[in-house]
Structures are given as C-alpha cells and as structure tokens.
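To start, the structure under review is shown below, and the notes come after it.
Laboratory data are not the source of any read-out in this text; all were calculated from the coordinates shown. Bear in mind that the values here come from a model prediction, so they are computed numbers and not experimental data. Cβ atoms come from the backbone with ideal geometry, glycine included; neighbour counts cover every protein chain shown.
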Amino acid sequence: MRKSSPSKFGVIAVLSTLVIVILIAILTLFSFYTQPEAPKPAEVIENPIAAVSPDQVDPALAIAQLGGIAPLDVIDQAIEKSRPGTALAAIVYSPAVSGRDTAGTLLLLADKFQQKDDLVRAKLCYKMVGTLATLSPDLSDTLRADLFLQTGIGLTGLDDPVLAKIYLDQAYLVTTKSNYLQAAHRRSIFEQLHQAYLNIQLNEQARQALDQSLNTASLQSLPEDPLVLPLGKTVALPATVQEAEANRWQAAQIVIKNLVELGGVVKPENLAALRAALLAEDQAKTAFFNEALAAEPQLSGKVNLVQAKINWQSTRYRIAKLGFGLSLVPEWEQQAEQIRSDLTAGYEELYRLYSDLIVAMPDAAQIDRATEESLRRQLLAGQLGQYPNYQRAQLKTQLLNITARLAETQPGTDLRASYLTVDGVEYFTLISDEDILNQ
C-alpha cells in the first residue's frame, strides 16, 4: 500500500497490527458461534449463488474478509473450522481467487459438506471443480487430470456413478491425449483410474486404463503454451481510496470483536460505523474507477481497472445478498437487482476490452486462440455464479464455432471445450481435435 503521508502510514501500520490481532482472536475464540445444521434439500442446485445460504454463513469469520484478511485465508479457516457455508460464500463472491486455489478448496469443501450430510452442496462443489478443470485456461493439463480424477472419485462416494463416469472419462482423455504430462504422472493417473472405474463396475474402462499405465514411456511431454490474454494486475489506489479501505478494515474489525466477545451480538453503533465506512468506500471507489478509466490510454491498463472494479462490485453484491451472514448495508439489500446489473455490466465491459485487444493482434492464429480463451473465461465466470445474467447459449455457440476452427487450423495443440447433456443438464467437457473433426 502506498504511503500518502506519515500520519497515513501510522494509521495503516496500526490497522495491520489489528488485522493480526483479530485473526488470532478468530482462531482462538471462534468456538462461541454454533453453526446451525445444514439443510438437506431434495432439489439439485445448479447455480452456486443459490447455494449460498445467509444462515449458513458465520459472520465472525466471513467479515474478517472486510477486515483486511485475504479471501483465501478466510476460505482456509472456514474449511478448517468446518464452516462450509462460509467458505462457499467466499469462493463464489471472490473472483480474484485463482482457478487453481478455487479448485483445490472446492475439493476440500465438498468433503466438509458431505460430513455435514449436505450432499446437494457437496455435489455442486464437485461439479464446480469439473467446470473449472474444463473451462479455465489458466490450469495445466497435469492439474486438470488430477482435478477430473478427484471429482470422479468424489462423486462415486456420493453414489452418483453417471456423473462420476463423466469426470473419470475426462481424466482418461487428458491423460491419453495431452502432450503436456510427464510419463510418471500419466502412469499414476491411469493406475488410479483403473481402481476408480472398478469402483463403479466399469470393467472394460478399468482394463483400458490398466493397459495405458503400461505404455506411458512412448508418450510425449512438451511445455505448455502461455496464455494469450493478460490477467488483471493489482491497481495502485490513490490516498483517498486507501484511507476509505483502512476505515472499513477498522470498522469491520470492531464488529468482529463484538461478535467474538458478545456471543454473536454487534453493538448498533459499531454496525452503523461499518455501514458508513462501506458507503464512503463505495463513493470513493466509484469516483476513482470512473476517473481512472476515462484517463487510462492503454487497453491493458483499462483491463486492470475494470477487474478491480468487478472485485469491488462482487463485494457489494455479496453484502446486498446477505452473503456475510449479517445485514450490513440495508439500502444495498433493497437495490440488489441493480447491484447485480452493475456487476453484469462490469463483466461485459471487461470482455469488450478483451475483444478490442484481440482485434489489435497481428496474427490470425493468435486471434483464434485469444478468442477461445476469452469465451472460456466468460463461461467459467458465469458457471461459477460470479458473472450474473451471462449469455450462456450465445457464448456456448461461439465457443463451439471457434473450437471447430482451431481443430482445423491448429490441430493437436490442445484439447478443446465442448459439452454433453445428461438428464436434461448440460455439462462442459473437453474433446480432442480428432473427435471434433469426426463429428
């Protein structure tokens, strides 16, 4: 954080110390809060936002994120303390967390939901991992194979052999077709697939996996190509915005202290102070983003700013949906639909910028790769519940068209994204160029 003046530095230093103190308090005194039993709904939940239940979010832990604790640290603590509802809320409303970290925590989270006998949310977590492994351009094929395998094994444990087979087949596809896995890792995946297929009585697939495990030495292993599109980088905030953030941290830490020391109760004046700090921060950030975007000459700089704006809009939307387990800004709750529309507009603005970047690329092959990358990112954000009101059908059609072109013009360079339908539900899957061309 930049130092705007000696006095500001002193305030920020004190707040940083308070963050550590509060985190220690959460870790040591957190047992006061009794989490209600997770509901056991019979319906299938497809939208992760719908799976976030405010009464399953522990406010003392969730608000630590507003008090300056990194989202991933809050997620890790929520999982460790068996607060899966809190962890799920943090995952869904924190788009800045990397795909790799999100997938890893979702696997742990699925196990926690299963322990609480909330099989609906456990299954949702596994499906989110499968979606990440399929659509995220950021993951290595080595990690994709592992994620598909663990998802299939997890769904087997939930007694869903149909979905388990989908993801075990995906692990088999990646391990068979990808040029980017080391021989030893291929062998390990095939050996695990052998047992996983046996567990769902797929003896022929088990035999094929065993045969493949004996022939890994002949397979290639190449370095993976870097991403084409830039990821959003951290934006340097002006002193006014830094001060607004610092005030919000301090107000949130006092609310957490109340929750810990008063058995889940917050003094009205402290809740009002956090509300005022959030409103002031929103005003400061809105002014900053508008001015900075108007003045920024570079497309890459605009991408950074819009991604930062989306991160803040996601926090506002979470507050509006009671995603911190408490009513923090009542007027935002009344404006939830407008805030959701603003978040949608933020994503639309981001991908318009990516389109402008793509158009300016000099190489047609690079343009096609970048277009596919952008479409996969949009669909992934929508599938994870982070991009509301995304145009799924339109984006899916565009993705299928670009993957067909890539299969023809750049064959054998990657596995492509496609989909299949099971019991009326569409699941994104990977497909080889050979299978695309044979369709």
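The long axis of helix 6-29 is offset from the longest Cα principal axis of the chain by roughly 70 degrees.
Residues whose amide H comes within less than 5 Å of that of residue 418, counting only those at least five positions distant or on another chain, are 429, 430, 431 (H built at 1.01 Å from N in the peptide plane). Within 13 Å, Cβ to Cβ, of residue 293, how many net charges do the neighbouring residues add up to if Lys/Arg are +1 and Asp/Glu are -1? Here the charged neighbours net out to +1. Within the shell defined by Cβ-Cβ distances under 9 Å, the residues around residue 205 carry a net charge of 0, with Lys and Arg each +1 and Asp and Glu each -1.
Between the stretch 383-399 and the stretch 145-189, what is the C-alpha centre distance in whole Å? Comparing the Cα centres of the stretch 383-399 and the stretch 145-189, I get a distance of 25 Å. Among the GluC sites (Glu not before Pro) within the stretch 183-273, those in coil by DSSP and having at most 16 neighbouring Cβ atoms inside 10 Å are 224. Each residue of the stretch 94-105 was assigned a 3J(HN,Hα) from its phi angle through the Karplus expression (A = 6.51, B = -1.76, C = 1.60, θ = phi - 60°), giving 10, x, 6, 5, 5, x, 4, 5, 4, 5, x, 6 Hz with x at Gly and Pro.
For the chain, the longest principal axis of the Cα atoms and the long axis of helix 203-213 meet at an angle of about 90 degrees. Given axes a ≥ b ≥ c from the Cα gyration tensor, I'd like to know whether the stretch 209-303 is rounded (a/c under 1.5), prolate (a/b larger than b/c) or oblate. Oblate, because a/c is 1.5 or more while a/b does not exceed b/c. Computed with the Debye formula from one identical point scatterer per Cα of the chain, without solvent, the log10 of I(q)/I(0) at q = 0.07, 0.09, 0.11, 0.13 Å⁻¹ comes to -0.38, -0.63, -0.92, -1.21.
For a straight C-alpha distance cut-off of 12 angstrom, the aspartates and glutamates reachable from residue 396 (same-chain residues fewer than eight places away being disregarded) are 372, 426.
Taking Cα atoms, how many degrees apart are the long axis of helix 364-383 and the longest axis of the chain, rounded to 10 and kept between 0 and 90? So the inclination is approximately 60 degrees. What the phi angles of the stretch 282-288 give under the Karplus curve with 6.51, -1.76 and 1.60, with θ = phi - 60°, is a coupling list of 4, 5, 5, 6, 4, 4, 5 Hz, glycine and proline written as x. The region of the chain that goes longest without hitting one of the trypsin sites (Lys or Arg not before Pro) in a DSSP loop, each with at most 15 other Cβ atoms within 10 Å, is 4-232.
Listed by chain and number, the lysines whose alpha-carbon sits under 17 Å from that of residue 302, ignoring those within fewer than 8 places in the same chain, are 233, 285.
In order along the stretch 401-409, the phi-based Karplus estimate (6.51 cos²θ - 1.76 cosθ + 1.60, θ = phi - 60°) of 3J(HN,Hα) comes to 5, 6, 5, 5, 5, 5, 4, 7, 8 Hz; Gly and Pro are listed as x.
The aspartates and glutamates within cross-link reach of residue 309, meaning a Cα-to-Cα straight distance under 18 Å and a gap of 8 or more places when in the same chain, are 243, 245, 281, 282, 291, 296, 337, 342, 348, 349.
Other residues lying with their Cβ under 13 Å from the Cβ of residue 86 contribute a combined charge of +1, Lys and Arg counting +1, Asp and Glu -1.
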